[in-house]
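Reviewing the structure listed below.
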Amino acid sequence: MLSDPGMRKYLVGWALFGVALLLFPQVATSGTLRIFIFANFIAIFAMSWDILSGRTGYISFGHPFLIGIAAYTSAMLTYHLQTPLYFSIPLGVIATMVGGTLFFLPALRIRGTYFALVTLAFMELMYQLTQVMRPDITGGTRGLSGLPTLLTGALPNYYLSSAVMFVIAFCLWLLIRTRLGTALSAISMDEDAVKSSGLDTTKLKLFAFMVSAFVAGVGGTLYVHYLGSIAPRAIFDINFLFTILIAALLGGASTIIGPIMGAFFLTFLLEYLRPYIPGTERYFIYGSIALIVYVLEPKGLHHIIQRLYGALMRGKQA
Amino acid sequence: MALLEISNLEAFYGKARSLHGVSLNIEPGKIVAIIGPNGAGKSTLLDSIMGITTTTGSVKFDGQEIRAQSPALNVKAGIGYAPERGNLFPFMGVKDNLLVGAYTSRDKIDENLRMVFDLFPVLEQRQTQETGTQSGGERQMVSLGRALMTSPKLLLVDEPTIGLAPKVCLDIAAALKKLNEETGLTIVITEQNVNFAMSLAQELHVLETGELRLSGTVDELQGEDYIKQAYFGA
């Protein structure tokens, strides 16, 4: 691995990214760190979405459904049964992987718009269920608050969320560099050709889904125990869904760094717009920016930066 | 014993039947061509052998019934499939496209890659080029190469010359002949280009509107009035 110069270049990039995350609190205020924490969670969710939808081309509109299963499981266990977090968090992740599989696996047999619509229905179904089915357990419309948090304070939470985001990103990056990752990408381009090359696409899609659900579960449980509260409208929400989707698409789908870039760009943009446009009109601004970027460069910010870097290098050589 | 035995094969797209009781045997080590016009059912026949379409009847490969078996199992059994050149992964490089074909034959990746690059040297020079940016001929070579990466005993090739320049057709024919002569690989091609099929295959089957109309060696069919009228306008 290290003997390959191309690989060495990437590993140096990852090391620099890690060091930058470590040193960032030295120059950032507590407020900026809190925005950063939120961006880390959006990046985790966007990577989770991307490994399923960006890679295989099965566009999921139901990702908050997966995040919500993990978040609600852990929240209910800690709230009602006082389960310690080191039990409730893995249980939440397992619940997402098992529960999500029960719903998503049959849906993976359908393609395109139908898959997107079915997954959207899952999210809406979960929204309704958490409100009407045993509100004494789920907290109903108001949700649950006063949940235990893993850590307190901006700095510890910054390090925790950054470490989790970094480890997930690095592991996914390693995964997509394997032949398994190549096969997942091939599904989005021509699933029938993958089948006729001897690969079992159902198993491949299930694998992509399980990885996606695992990442969504980890993100969802940590997110709820960072916030200390959960409500149906905070999770099973169309704005939350679009923030995840646009982060992945704006940054550059089918890449690892793209969803991270998109998440940070969107989160900081929304936060910096808040003093000037405090209402939901902010979403109009980010929607417009996303649209412009997507029209100009469908491969996203990641590709724009890559092209600029390429041009810079060529300019230096000339 | 025939390597591939097809008996009374019918294929369906929903309720529409597109193959009507096709029966044919493919002997090992031969190059066989299925010829016919657009819509004759040539691609459907190959898809049916691969298990991609809904079928009835029987398809035996190496003596084993494989009809309705998944494409993944059919490839594992030793059937390589090169669909029309549009079925590549356009945003992936040549080598990655080839490696997608290598899943069922992981212990022979280097050996098979060498064979493909020896057969089509241009692919070795363009390993990282995205196939979406390649010429039609090169894409056809990648498609054939990807099928060869599965270490097949039987290679199915769907319309290898469609839309290609005559020079490229000759190159493809030479590569397929070389494969057949040097490795004894059994090859089934579908073609509309009857001249190409006759120059390459030892045996021809004429498929029209989902039915086999004629079968025979090249010598036998060359003199057939029907072939002359239908394909050469004589």
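The values are calculated or read from the model by the stated rules, or taken from the named source; none is laboratory data. Worth saying up front: this structure is predicted, and the values here are computed from it rather than measured. Heads up, the Cβs are rebuilt from the backbone with ideal geometry, glycines too, and the neighbour counts pull from every protein chain shown. For accessibility, only protein heavy atoms count, side chains too; no ligands or nucleic acids. Shrake-Rupley method; radii C 1.70, N 1.55, O 1.52, S 1.80 Å.
Worth pointing out:
- Selection status of A:Y283, in contact with a Phe, Trp or Tyr (Cβ under 9 Å, 6 or more places away or on another chain), hydroxyl-bearing (S, T, Y), open to solvent by 30 Å² or more (accessible area, probe 1.4 Å) and assigned to a helix (DSSP H, G or I): yes
- Some residue of region A:114-133 being away from every other protein chain (no Cβ under 14 Å) and in a loop (DSSP other than H, G, I, E, B): yes
- Tally of residues being β-branched (V, I, T) and within 22 Å of the chain's Cα centre (by Cα) across region A:24-39: 3
- In region B:148-167, the residues that are over 17 Å from B:T190 (Cα atoms) form Cβ pairs under 6 Å with partners that are in a loop (DSSP other than H, G, I, E, B) and open to solvent by less than 10 Å² (accessible area, probe 1.4 Å), at six or more places apart or across chains, as follows: B:M149/B:G101; B:M149/B:A102; B:T150/A:G198; B:T150/B:G101; B:P152/B:G78; B:K153/B:G78.
- Of the candidates B:S43, B:S58, the single residue that is under 15 Å from B:E10 (Cα atoms), surrounded by 18 or more Cβ atoms within 10 Å (Cβ to Cβ) and more than 8 Å from chain A (Cβ to nearest Cβ) is B:S43.
- Identity of the residue in region B:86-133, in a loop (DSSP other than H, G, I, E, B) and under 21 Å from the mean Cα position of the chain (by Cα), that ends up farthest from the other protein chains (Cβ to nearest Cβ): B:F120
- For region B:46-53, the count of residues that are open to solvent by 60 Å² or more (accessible area, probe 1.4 Å), without any contact (Cβ under 8 Å) to a residue 60 or more places away in the chain and on the phi < 0 side of the Ramachandran plot is at least one.
- Pairs where the first residue, in region A:293-305, is within 12 Å of A:A247 (Cβ to Cβ) and the second is open to solvent by 90 Å² or more (accessible area, probe 1.4 Å) and of a type in the set (F, W, Y), C-beta under 8 Å, 6+ apart: A:G300/A:Y294
Every residue, every condition in (1) surrounded by 18 or more Cβ atoms within 10 Å (Cβ to Cβ); (2) within 14 Å of chain B (Cβ to nearest Cβ); (3) in contact with a Pro (Cβ under 9 Å, 6 or more places away or on another chain); (4) at pLDDT below 90, yes or no:
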residue: A:T138; (1), (2), (3), (4): yes, no, yes, yes
residue: A:L147; (1), (2), (3), (4): yes, no, no, no
residue: A:T182; (1), (2), (3), (4): yes, yes, no, yes
residue: A:S185; (1), (2), (3), (4): yes, yes, no, yes
residue: A:F209; (1), (2), (3), (4): yes, no, no, no
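- In region A:93-100 there is at least one residue matching the filter, namely being at pLDDT below 95 and surrounded by fewer than 16 Cβ atoms within 10 Å (Cβ to Cβ).
- Residues satisfying the stated conditions in region B:61-76, i.e. more than 8 Å from every other protein chain (Cβ to nearest Cβ) and of a type in the set (A, V, I, L, M): B:I66, B:A68, B:L73
- Scanning region A:212-227 for residues that are over 13 Å from A:L91 (Cα atoms) and open to solvent by 10 Å² or more (accessible area, probe 1.4 Å) yields A:Y223, A:Y226, A:L227.
- Within region A:286-318, the set of residues being surrounded by 14 or more Cβ atoms within 10 Å (Cβ to Cβ) and in a helix (DSSP H, G or I) comprises A:Y286, A:I289, A:A290, A:V293, A:Y294, A:L301, A:H302, A:H303, A:I304, A:I305, A:Q306.
- For region A:261-276, residues that are open to solvent by 10 Å² or more (accessible area, probe 1.4 Å) and in contact (Cβ under 8 Å) with a residue 60 or more places away in the chain total 3.
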